[in-house]
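K.L.:
Here it is, the structure, as structure tokens.
Every number here is computed from the coordinates shown, using simple stated rules; none is lab data. Computed from a predicted structure; not experimentally measured. Neighbour counts are summed over all protein chains in view; Cβ atoms, including those assigned to glycine, are modelled from backbone coordinates with ideal geometry.
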Amino acid sequence: MNIFKSHIIQMIAYVPPLEGRNPHHHLLLDFNERTRPVSEHVKQALINYISEDRLQVYPSYGDLTRKIADYAGINEPQVMITNGSDQGIDIIIRAACTEGDEIIIPVPTFAMYHQCARIAKLNVVEPEYTRETGFPVSALLDAITPKTRLIVIANPNNPSGTRIHRNDILTIARSAPDIALLVDECYFEYSQETVADAVMEYPNILITRTFSKTWGLPSIRLGYVISHPDNIRALLNIRGPYDVNQFAAVAISAALDHPEYTHQYVREVMEESKPLFEQFLDQQAIPYWPSSANFIWAFPDNPDVIEQHLRRHGILVRPRSDQSGHKGLRITLGDIAQTRQLVDRIQEGLSIAGAGMMKVPLPKK
Ligand SMILES: Cc1ncc(COP(=O)(O)O)c(C=O)c1O
């Protein structure tokens with residue numbers, strides 16, 4: 001006899017390949033993380049917190065939510081902090097959907113949406129992104145039925161990096177005012193694309209964001225949801241009072257006091273590393289998806305040879321197949337020196353593979 005629901009027992013856990021990664025031995029370009037450590041301000045704030053002997057006390061968040069609201073340019077009642085944006089995604093799905101409901105998730109995309117949908121026993125409808133046409137806005141609108149309770153879009157999307165135009169998001173929100181629209185803005189600082197200013201006009205929009213990526217703090221887990229205050233009040237009924245740990249609160253508060261450290265890194269990645277890498281891919285005629293994030297999904301002829309060559313030289317990237325099973329590499333971009341190193345190693349890998357000889361020219365962007 002099983003003590004748990006049968007669909008939970010039959011699920012497969014989401015276990016990303018994280019073990020053995022070491023930022024001191026590897027150049028980590030496989031999880032879209034920041035490739036440089038956090039600032040001394042953040043480290044010192046954590047050291048002070050431990051030295052002040054406060055670990056035995058439950059978390060209290062002080063003015064953290066207000067600071068985040070100020071940073072995001074919204075009002076405090078429009079924000080809920082979460083244990084990473086994964087928790088925001090989970091809470092929104094639990095709040096909006098009941099077993100048997102339909103959820104629309106354009107694919108390929110980030111795995112957690114499907115994981116949470118499976119836990120809630122939802123029927124997943126999957127319009128497809130393509131490299132040529134990007135976000136499937138009309139297929140998504142056509143997929144809406146009376147059973148749809150939630151639409152999930154990542155802007156920009158992971159793994160494709162696809163940017164979703166603000167007008168498309170607002171068109172969807174307008175077309176389905178009684179359906180929750182989760183807009184995952186995990187990579188917002190890189191894309192600079194947001195609908196945070198529209199949540200009062202469109203109360204069905206719920207945005208998730210994180211301090212894991214640009215801010216370089218995935219280890220301590222802090223995300224936040226931006227939405228209409230009525231939605232935030234409802235979501236707070238699900239989030240536990242201590243789900244966000246105090247280290248996260250202390251570190252993010254210190255990081256927000258010195259945002260230039262983060263902004264400078266974003267500028268280097270987006271204005272130096274990314275153009276360099278795109279230029280290299282273009283020269284080599286290696287196809288890739290246009291990306292507005294800090295990573296690029298590229299499809300060299302011999303992805304396994306390239307991946308192994310990079311790995312042998314301490315550079316980790318993420319193999320990821322597209323919907324037709326064609327294997328590509330999702331590659332995070334770090335600072336400019338790291339990107340030069342990446343380009344040199346891929347170049348070597350291409351000669352080893354004898355690749356780069358029989359390429360199909362890229363369609364014009
Ligand atoms: C699109 C997207 N959303 C959410 C997350 C999860 O972020 P967090 O660390 O805040 O849970 C990721 C992480 O890779 C992601 O790519």
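K.L.:
Okay, helix-only estimate at 222 nm for the chain: each DSSP H run of n ≥ 4 adds -39500 (n - 2.57), divide by all residues, round to 500 deg cm²/dmol; what do you get? Don't skip to the answer; put the middle values down first.
P.N.:
Details: 14 runs with 138 residues, N = 365.
The per-residue figure over the chain is -11000 deg cm²/dmol.
K.L.:
Rounded to the nearest 0.05, what FRET efficiency is calculated for residue 139 and residue 95 with R0 set to 30 Å and r the Cβ-Cβ distance?
P.N.:
Working: r = 26 Å, r/R0 = 0.87.
The pair residue 139/residue 95 has a calculated efficiency of 0.70.
K.L.:
Given an 8 Å cut-off on Cα distances and at least 6 residues of separation, report the relative contact order of the chain as a percent. Intermediate results must be reported in sequence, preceding the final value.
P.N.:
Numbers: 639 pairs, mean separation 78.6, N = 365.
Contact order relative to length: 22 percent.
K.L.:
Then there's this: Among 108, 146, 136, which one moves the most in a GNM of the chain with springs linking Cα atoms closer than 10 Å?
P.N.:
146
K.L.:
Tell me, what is the Rg over Rh of region 52-258, with Rh the Kirkwood radius over Cα pairs?
P.N.:
On the way: Rg = 16.7 Å, Rh = 17.3 Å.
With Rh from the inverse mean 1/r over Cα pairs, Rg/Rh is 0.96.
K.L.:
Using alpha carbons only, how many angstrom separate the centre of region 279-344 from the centre of region 32-110?
P.N.:
29
K.L.:
Considering the options 354, 161, 234, tell which one lies farthest towards the positive end of the dipole of the chain, charges being +1 on Lys and Arg and -1 on Asp and Glu at the Cβ, about the Cα centre.
P.N.:
Of the listed residues, the answer is 354.
K.L.:
Quick one: check the C-alpha center-to-center distance for region 231-272 versus region 146-185, whole angstrom.
P.N.:
22
K.L.:
Using a simple spin-label model with points 7 Å from Cα along the Cα→Cβ vector, what separation in nm is obtained for residue 271 and residue 348?
P.N.:
Using points 7 Å along Cα→Cβ, the separation is 3.2 nm.
K.L.:
Another question, if that's okay. Taking the chain as a Gaussian network, where each spring joins two C-alpha atoms under 10 Å apart, which residue of 293, 180, 139 fluctuates the most?
P.N.:
Result: 139 has the largest fluctuation of those listed.
K.L.:
Can you give the relative contact order of region 52-258 as a percent, counting alpha carbon pairs under 8 Å and 6+ residues apart?
P.N.:
Values: 376 pairs, mean separation 54.6, N = 207.
So the answer I get is 26 percent.
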